[in-house]
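Enquirer: I am attaching a structure below and will ask some questions about it afterwards.
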Amino acid sequence: MDKARLFWVGFNLVKGIGAVRFRSLLETFGSAEQAWNASASDLRQAGLGPKLVENLTQVRSQVSLEQVWQRIQAQGIQVLTWEDEAYPRRLKEIDQPPPVLYLRGDLQAQDEWAVAVVGTRQVSAYGRQVTEELAGLLARNGVTVVSGLARGVDSVAHQAALNAGGRTLAILGCGVDRIYPPENRRLAEQLLAHGALMSDYAPGTPPDGPNFPPRNRIISGLSMAVVVIEAGLTSGALITASFAADQGREVFAVPGNILAPQSKGTNRLIRDGARPLLEPQEVLEALNLTRVVEHRTARTALPGDATEALLLQTLTHEPLHVDEIRTLTSLPIEKVSASLALMELKGMVRQVGGMNYVRAAEAAETYEVDE
């Protein structure tokens, strides 16, 4: 039994303790286990209000974490936390990433190159055709398709990716042991062989309506971009697009008939600044995903050196212009530019626009400056 992970799962069962409060508890008590076993007075001193202390105390008294863990293991469910190397890098970089992820299937390194394809449950023939073409194109080019396993666009996107021989991830608004909608059970089984079902809700959590909007931050957080195929004005896909914009992801929207209800949301996204998607190929070109295979090869084949290490030491999570990087490192501009290009292929740095770069999460732990 993974005792440390056990207490992360415990806090995941406590209503009202999300990423912010949990991080505060870790900082105060030093570990999830110490926080779990803290007294009510210590929890209040740590900043938890009376209701949250009551919720935590109730879960501690009523739930056997050992039995919960045994059920998780018996169902073949993986548990990932912030402390795990396997926790998705892109998701970890967002504001308030979920402390715990439950997973069926498998995550692979190639899933870092992912695009979310989302939209209405009432998909039209036009929306279905665009979804199939886009998801199939992404999959054939080695890009993982992320969606929510819902009826309509989501289901079409997952199936098209599988039909093209690609990978796909489904983010659920319930436990990963509950398939919703039930008619997607066969699709979920196919998906498990070529991707994963993921959720930050504990196994056994039912598909309750309020669960679905928050899970959309995970869909966008895992992805380099979000494409909204069709969406009404109240569609959950618009929530995903909003999360994507807040997370600095590219947002594409497919223009549609101005009289069609399922195009009103996408057309409004375009009016408000989303990039209109006129050709599926545009997603690959905009994100430089036409070179995914080269990206993967570069990550494994190009060795780190002192220049890369110095650049990593200089970069932070705040954007730095290439000219500032040159000044801070005293390296020739051509060497800075060439090295940054290779490091971006490796996933060590990211360009965030206007020749501004940031260090990718945890890259500095892999490359160190030679003494």
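The numbers here are math on the coordinates, done by the rules we state, and not lab data. Owing to the predicted nature of the structure, the values given are computational and were not obtained by experimental measurement. Quick reminder, even Gly has a Cβ in these numbers, built from the backbone with ideal geometry, and neighbours come from all protein chains shown.
Enquirer: For the stretch 30-36, in order, what is each residue's ³J(HN,Hα) by Karplus, 6.51 cos²θ - 1.76 cosθ + 1.60 with θ = phi - 60°, in whole Hz (x at glycine and Pro)?
Expert: x, 7, 5, 5, 5, 5, 4
Enquirer: Report D for the stretch 1-74 in µm² per second (integer): Stokes-Einstein, Kirkwood Rh on Cα pairs, 25 °C, 0.890 mPa s. Walk me through the numbers before you get to the answer.
Expert: Numbers: Rh = 12.4 Å.
Result for D is 198 µm²/s.
Enquirer: Quote the charge dipole size of the stretch 125-244 about the Cα centre in Debye, to the nearest 20; the model charges only the Cβ of Lys and Arg (+1) and of Asp and Glu (-1). Present the calculation step by step, with values, prior to reporting the outcome.
Expert: On the way: 9 positive and 9 negative charges, 22 e Å.
It comes to approximately 100 debye.
Enquirer: Report the relative contact order of the stretch 105-290, percent, no decimals, based on alpha-carbon pairs under 8 angstrom and at least 6 residues apart.
Expert: Relative contact order comes out at 22 percent.
Enquirer: In addition: Please list, ordered by chain and number, the residues whose modelled amide H lies under 5 Å from the amide H of A38; skip anything fewer than 5 residues away on the same chain.
Expert: Amide H neighbours of A38: none.
Enquirer: What's the exposure ranking of S330, S235, S337, going from fewest to most Cβ atoms within 10 Å? Working shown, then result.
Expert: Details: S330 8, S235 24, S337 14.
The order, fewest Cβ neighbours first, is S330, S337, S235.
Enquirer: Next question, about the same structure. What fraction of the DSSP beta bridges in the stretch 105-290 is antiparallel, stated in percent and rounded to the nearest 5?
Expert: On the way: 1 of 21 bridges.
Counting DSSP beta bridges with both partners in the stretch 105-290, the antiparallel share is about 5 percent.
Enquirer: For L277, list long-range residues whose amide hydrogen, built 1.01 Å from N in the peptide plane, is under 5 Å from its own amide hydrogen.
Expert: Amide H neighbours of L277: A253, V254.
Enquirer: Of V14, T314, G232, whose Cα points farthest to the positive end of the dipole of the chain (charges on the beta-carbon: +1 Lys, Arg; -1 Asp, Glu; origin at the Cα centre)?
Expert: My answer, from the dipole projection, is G232.
Enquirer: What list of ³J(HN,Hα) values in whole Hz, one per residue of the stretch 48-64 in order, does the Karplus curve 6.51 cos²θ - 1.76 cosθ + 1.60 (θ = phi - 60°) give from phi, with Gly and Pro shown as x?
Expert: 6, x, x, 5, 5, 4, 5, 4, 5, 4, 5, 5, 4, 7, 9, 10, 8
Enquirer: If you don't mind, another one. To one decimal place, what orientation-averaged projected area in nm² is obtained for the convex hull of the Cα set of the stretch 302-365?
Expert: Values: hull surface 15.1 nm².
Projected area, direction-averaged: 3.8 nm².
Enquirer: Using only alpha carbon pairs under 8 Å that are at least six residues apart, calculate the relative contact order of the chain and give it in whole percent. Intermediate values should be presented prior to the final figure.
Expert: Working: 673 pairs, mean separation 45.9, N = 371.
Rounded, it is 12 percent for the chain.
Enquirer: I've got another one for you. Please list, in chain and number order, the residues 5+ apart from V349 or on another chain whose amide H is under 5 Å from its amide H, with Hs placed from the backbone.
Expert: E344, A360
Enquirer: Lysines within cross-link reach of K335: Cα-Cα under 17 Å, excluding same-chain residues under 8 positions apart?
Expert: K335 reaches K346.
Enquirer: Report the semi-axes of the equivalent ellipsoid for the chain in whole Å, largest first, where each axis is √(5λ) for an eigenvalue λ of the Cα gyration tensor. Numbers along the way, then the final one.
Expert: Numbers: eigenvalues 216, 184, 72 Å².
Gyration-tensor ellipsoid for the chain: 33, 30, 19 Å.
Enquirer: Turning to a different aspect of this structure: Taking the beta-carbon count within 10 Å as an exposure proxy, list R151, R186 from fewest neighbours to most.
Expert: Working: R151 16, R186 10.
Exposure proxy ranking, most exposed first: R186, R151.
Enquirer: Using θ = phi - 60° and the Karplus curve 6.51 cos²θ - 1.76 cosθ + 1.60, what whole-Hz ³J(HN,Hα) does each residue of the stretch 136-153 get, with Gly and Pro shown as x?
Expert: x, 4, 4, 4, 5, 9, x, 9, 6, 9, 10, 7, x, 6, 6, 5, x, 4
Enquirer: Which value, in debye to the nearest 20, describes the size of the charge dipole of the chain about its Cα centre when Lys and Arg Cβ atoms bear +1, Asp and Glu Cβ atoms bear -1, and nothing else is charged?
Expert: Magnitude of the dipole: close to 1320 debye.
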